[in-house]
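Working notes for the structure below.
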Amino acid sequence: MNNKKIKRFNKIFPWFSGLSGDLLFWVAIDTLFLTVVKNFNASQVVSLTGISIIICICLQVPLLKIINKIGNTNSVRLGSFVLLLSSILLTFGNDYLQVVFGKVLYEIAYTFINISKAILKNNLQLQNKSEEYIRVETNSNTIYALATMIISFVVSSMFNINNYLPMLCCILVCLICFVLSFYIIDYSEFNKVQPNNKEIKNKTKYSTLIIVLLISYGIFFPIVNEGQTNGKLFIQQELLNVFNVEKTAMIIGAILCISRIVRVFSNISFNKAYKKFKDKIGVLLPILLALSILLIISGSFIQSSLVLKFAIMGLGYIIILFIRDPFKVYMQDLALKNIAPEVQATLLTIMELSRKLTRAIISLSFSLVLMNNPMITVILIMLILAIIEIFISIKLYKLIINSKQLKEEKKEITV
């Protein structure tokens, strides 16, 4: 192992992971860009995400075979290149099909880029620093949160100067990430595995802990995603009942800006929180998720004070952003701790498949519900799902404790 190279990896990884956390600039103006510049209607805009996710779900098996064949290092490089292609297509695509293809490439890119988490874990283990995974990933998320916060403050002005300016910046960031990806190298022996090896096949038989983890991860994130989308829409509807469009836009903008700042704070403080609560954090975060939805619902029933009403609803929305990144980091760390290095890439891919599949089902179901029911119905369903997630997280916590006890007993027997 070259110490100089792995030290360079340690410095570059948080920047690569943070800047490639999403299509920066695009996520801030996607709907505006598609409607104003591409002249897409609402139906076309909404269908983009659903179509791209469904296609990506169908491609998961061949994508996983590619990952196993080319290895972790090349997978991240390929993902970064595909993300760059995606940003170019989304920017310069002339028709709906080209933009759909750009969105499909976007989803595919993150199947590959997500393997960088396995590279980080492997390289930390080489340095005997496995326990620092959460700290490094938290630093990455802090960089991402700071970048998106700054972008949210300037992107509207950039769009007004030139409609394509934010997307040109998006392409530039993707190009930087592609260059940085050549420094994201898996120096361990697990960079590339042989999937036909019988020993490795046996290691893919996941424990009950991993299965429950996949269920928990698959439910939590779709609730968060729908909470961000439908929660914001619900608050917007309530605001429009009492304010004009201009004032509603101003209040929503203020809530979004505060949520971005809080997201930065959550990433900065998570490492300390994890050291204090350890695996209890896996139960605490789903409780906060249920609380956030409950605040949005309860706030909507307040009629005596508009300030109190929207302060409570806004607080609920902000909590959703507060818990998003910490939960992802914790669950990925937990998964990588409890699986053999040879199948880490497979597990990370399955985790994302679990999230995408559940999100597609929930999104479609909510669309059907909203055809004949008010938004409050969807928010109530989200609360029920969040409560179910709490019970799943408690089950997961018990399995973690039991697993640790078994490991301690094995150590004592060995000694």
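The values are calculated or read from the model by the stated rules, or taken from the named source; none is laboratory data. The structure presented is a predicted model; accordingly, all values stated were derived computationally and were not measured. Cβ sites come from the backbone with ideal geometry, for glycine too, and all protein chains shown count toward neighbours. Areas reflect the complete protein model, heavy atoms only, side chains present, ligands, DNA and RNA absent. Shrake-Rupley method; radii C 1.70, N 1.55, O 1.52, S 1.80 Å.
Summary of values
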{"read-out": "Shape of segment 1-76, Cα gyration tensor, a/c cut at 1.5", "value": "oblate"}
{"read-out": "Rounded accessible area of K7 (nearest 10 Å², 1.4 Å probe)", "value": "130"}
{"read-out": "Global form of segment 246-307, assessed from the alpha-carbon gyration tensor, a/c cut-off 1.5", "value": "oblate"}
{"read-out": "GNM flexibility winner over the chain from S116, S80, S367 (Cα, springs under 10 Å)", "value": "S367"}
{"read-out": "On Cα atoms only, tilt of 96-113 relative to the major axis of the chain in degrees", "value": "40"}
{"read-out": "The chain: angle of helix 208-240 to the longest principal axis, Cα-based, in degrees nearest 10", "value": "20"}
{"read-out": "Sites Y164 and I261 - FRET efficiency at Förster radius 41 Å, r taken between beta-carbons, to 0.05", "value": "0.90"}
{"read-out": "Inter-centroid distance (Cα atoms) of segment 49-87 relative to segment 140-162, Å", "value": "26"}
{"read-out": "Fluctuation leader among T208, T73, T358 - the chain, Gaussian network, Cα springs under 10 angstrom", "value": "T208"}
{"read-out": "Of G314, G282, G253, the one that fluctuates the most in a GNM where the chain has Cα springs shorter than 10 Å", "value": "G253"}
{"read-out": "Cleavage-rule hits, chymotrypsin sites (Phe, Trp or Tyr not before Pro), segment 226-316, DSSP coil, Cβ neighbours within 10 Å at most 15", "value": "F243, F301"}
{"read-out": "Within segment 152-167: backbone nitrogen closer than 14 Å to the V37 label point (7 Å, Cα to C-beta)", "value": "155-167"}
{"read-out": "Cα gyration tensor shape for segment 107-163, rounded if a/c is under 1.5, else prolate or oblate", "value": "oblate"}
{"read-out": "Angle between the chain longest axis and helix 344-369 axis [Cα atoms, degrees, rounded to 10]", "value": "20"}
{"read-out": "Restraint check, K69/K117; K129/K356; K232/K275; K192/K356; K65/K129; K278/K309, Cα-Cα greater than 28 Å", "value": "K129/K356; K232/K275; K65/K129; K278/K309"}
{"read-out": "Label-point gap, in nm, between L291 and L240 - each point 7 angstrom along Cα→Cβ", "value": "3.1"}
